[in-house]
Amino acid sequence: MGKTLLDIKNLHAEIEDEGKAILKGLNLKVNAGEVHAIMGPNGAGKSTLASVVAGKDGYEVTEGAIEMEGKDLLDLDPDERAKEGLFLAFQYPVEIPGVSNINFLRTSLNEIKEYRKEEPISAKDFMALVREKSALVELDAKLASRSVNEGFSGGEKKRNEIFQMAMLEPKVAILDETDSGLDIDALRIVAAGVNKLKNENNAVILITHYQRLLDYIVPDFVHVLADGKIVKTGDKSLALELEEKGYDWLTDVKTL
Amino acid sequence: MSGYTEEELKEELKDQEYKFGFTTDIESEKIPAGLSEEVVRMISAKKNEPEWLLEYRLNALRVWMEMTEPEWAHVKYEKPDFQNISYFSAPKKQYESWEDVDPEMKATMDKLGISLDEQKKLTGVAVDFVMDSVSVATSFKEKLSELGIIFSSFSEAVQNHPELVRKYLGTVVPTQDNFYAALNSAVFSDGSFCYIPKGVKCPMELSTYFRINESGTGQFERTLVVADEGSYVSYLEGCTAPMRDENQLHAAVVELIALDNAEIKYSTVQNWFPGDKDGKGGIFNFVTKRGMCHTNSKISWTQVETGSAVTWKYPSCILKGDNSIGEFYSVAVTNNYQQADTGTKMIHLGKNTKSTVISKGISAGQSQNSYRGLIQIAKKAENARNFTQCDSLLMTDRCGAHTFPYIECANNSAKLEHEATTSKIGEDQIFYCQQRGLSEEKAIGLIVNGYVKEVLNKLPMEFAVEAQKLLAISLENSVG
């Protein structure tokens, strides 16, 4: 078993100002080399979990801890969490008009390098890296010079997320419904990209509604998130079981 | 006489040091506050001006006396007391020594990447630097004079090229044009004069920044640029360094004349002191800028406005000649309690005239940012075309963005397009950037630079890089 990369302990979080609790004591330990899938019904708190871990404004953590390699993430700004090696592939990637994908990524990469006290990447090395990594997700080279996500199709946006992940080489990547809105070919490409990127030193967390994605990226663990907690954990077969039975059999127990 | 020799330049520099050495003497020569015929005569006499220019000033004073301060702009401020302003004071050293310079100002200049030598020059403390730059400036001037290009202070031009100044002064912005133009015409202190002879393409950017004997930009600046037939010039005004000035009121007039087949590109970066976080202090910047386009000529205004407490400025083009082209590219940033009312007028008189207006407003803090534009198509302006794009970006929910686009069209063959957007800087965009490792400040800088890219692309490369940094600094801690 690899070392623990991400450790979420008894996490309670609510929507700021509304005081509405979304996460209610969530525990999750992710070790190097592992792939975790988080599934669950709508409104269970899956996307909130991704947002809270990444440090998005608008949520308040009322209890618990999130640690990355022993470091408390809750003390860090979102950009510092990213620099520590956390990556979030967005469910809805954001458009930034007038900023080229290339410029964006180079700024990003160099910010991360500076944080780690490494030399900035040269233009030549950077372009070589762009060519190598964009091939990984079969991203059209033209998209690299276009404005970030602007005018991209849904599939291109998702591929661009994985391309960015490939460029930044995070320790922990959370893929928030990366499979939604993808046709079967795009799904295969994205999954192949992720599979090539995972290794014994990093970890991937897949947030998804459908077991379809898990045919392509095989998880070590499948967790069911319901009502702000992980209510069941199993291996890949759990996903198949969920596909068949839905979530009711898990959540009903609770509500009874 | 067509330009400088090295000897003359050295003489001039000597004079300058002399001035600095006897600052107190010069100060005692300051004309008492107030505006009257006597004051105007004194200003003209001190500058040893010819009779016709004195008459020009006196006429302007009479016109100004009859006028009232305009109130149509979307700005609120306490009107200056015109009898409590001194209209002539000799150039003065801003700081006695480098140690006296405001540390905050030094820090800002560091962030802008301005070298120490330049910083000293900008704050007026460096004699060394002036000496160092003699050779650079000399070769610069030699090169220009070889081509017959005249580039000097306005006062020098009055002495050395009175016929040119007289021929063009006030032909684009007439004295009676507006309250501040009239005031400027009566009391203008100094400024720049530039003449490009027929068929000459000026090989370098002309920048006020390089003009060696510049004695501070002055309160009532007057600039006149004449591009003779078939010539080309790119002119840069201002710089990104923060400019402080004890004079609160600035009323400049800039006139551009592009004769047949000529092209003038005029770029401005304005960063006058905007006042503090609570809106105290800051410069009132009431500027009249206008260009006259003759047949087949082109005038292009590009401006990055980040400074001043109140800005009132509409760089415009009169497209008099057939097939002439006018362009206006603007970024106006307001933060804290700044107010800007800026835009352009494109007056289409000739046939097949074309104009393009791209305005990008950014409002932060509690500031108010207005675009005001007029597209006027005269009866005889067949096949005139205009494209206007007017975007506003809001950084907070306490600031304001306003647009006042006017269109007057008297010819049915005209094609006019107007596009406008208003958006608030997206928290989602900032978070997305942060998740990729950019700090909030870097993220805002990147998003804003993307937003203004179309305009910055029009600036000369070096200027554009500085302007980018300036925007980031102007908007520090501004999202809310």
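Taken together, the values in this text are just the output of simple stated rules run on the coordinates, not laboratory data. Computed from a prediction, not measured in an experiment: that's the story for all the values here. Counting neighbours? That spans all protein chains shown, and the Cβs are built from the backbone with ideal geometry, glycine included.
The figures follow:
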quantity	calculated
Choice from A:PRO41, A:PRO219, A:PRO97 showing the highest fluctuation, given a GNM over chain A with Cα pairs closer than 10 Å	A:PRO97
Distance between modelled label sites at B:LYS198 and B:MET65, nm, 7 Å Cα→Cβ extension	4.4 nm
Size of electric dipole in segment A:4-255: Cβ of Lys, Arg +1 and of Asp, Glu -1, about Cα centre, debye, nearest 20	600 debye
Calculated [θ] (222 nm, deg cm²/dmol) that DSSP helices of n ≥ 4 give over chain A, each run adding -39,500 (n - 2.57)	-11500 deg cm²/dmol
Label-reachable residues, segment B:308-328, where backbone N falls under 20 Å from a point 7 Å from B:GLU78's Cα toward its Cβ	B:308-312
Residues A:ARG131 and B:LYS380, FRET efficiency given R0 of 45 Å [Cβ-Cβ distance, rounded to 0.05]	0.20
Shielding score for A:95-102, defined as the mean number of other chain Cβ atoms within 10 Å	5
Karplus 3J(HN,Hα) series, Hz, for segment B:59-73 with 6.51 cos²θ - 1.76 cosθ + 1.60 (x for Gly, Pro)	4, 4, 4, 4, 4, 4, 4, 7, 9, 10, 5, x, 10, 6, 5
Built amide H within the under 5 Å cut-off of B:TYR77, gap 5+	none
Alpha-carbon centroids, segment B:430-480 and segment A:201-246: separation in whole Å	41 Å
Spacing of the two label points (7 Å from each Cα toward its C-beta) at A:TYR59 and A:GLU243, in nm	2.8 nm
Net lengthening on full extension, A:GLU114/A:ASP75 (0.36 nm per residue, minus Cα-Cα)	12.1 nm
Burial ranking of peptide ranges B:168-181, A:103-116 (average Cβ count within 10 Å, highest at the top)	B:168-181, A:103-116
Residue-count net charge about B:TRP52 - beta-carbon cut-off 13 Å; Lys, Arg +1, Asp, Glu -1	-1
For B:448-455, mean number of other protein chain Cβ atoms within 10 Å	3
Stretchable slack from B:LYS46 to B:GLU440, in nm (0.36 nm times residue separation minus alpha-carbon distance)	136.5 nm
GluC sites (Glu not before Pro) within segment A:5-58, DSSP loop, no more than 12 other Cβ atoms inside 10 Å	A:GLU16, A:GLU18
Whole-Hz ³J(HN,Hα) from phi, Karplus 6.51 cos²θ - 1.76 cosθ + 1.60, for segment B:431-445, glycine and proline x	4, 4, 5, 4, 5, 9, x, 8, 5, 4, 4, 4, 4, 5, x
5 angstrom amide H check on B:LEU249, placed H, neighbours 5+ away	B:PHE284
At q = 0.07, 0.08, 0.12 Å⁻¹, base-10 log of I(q)/I(0) for segment A:4-255 (Debye sum, equal scatterers on each alpha carbon)	-0.23, -0.31, -0.70
Under the Karplus curve 6.51 cos²θ - 1.76 cosθ + 1.60, θ = phi - 60°, whole-Hz ³J(HN,Hα) for segment B:398-412, x wherever Gly or Pro sits	10, 9, x, 10, 9, 10, 10, x, 10, 10, 10, 10, 10, 9, 6
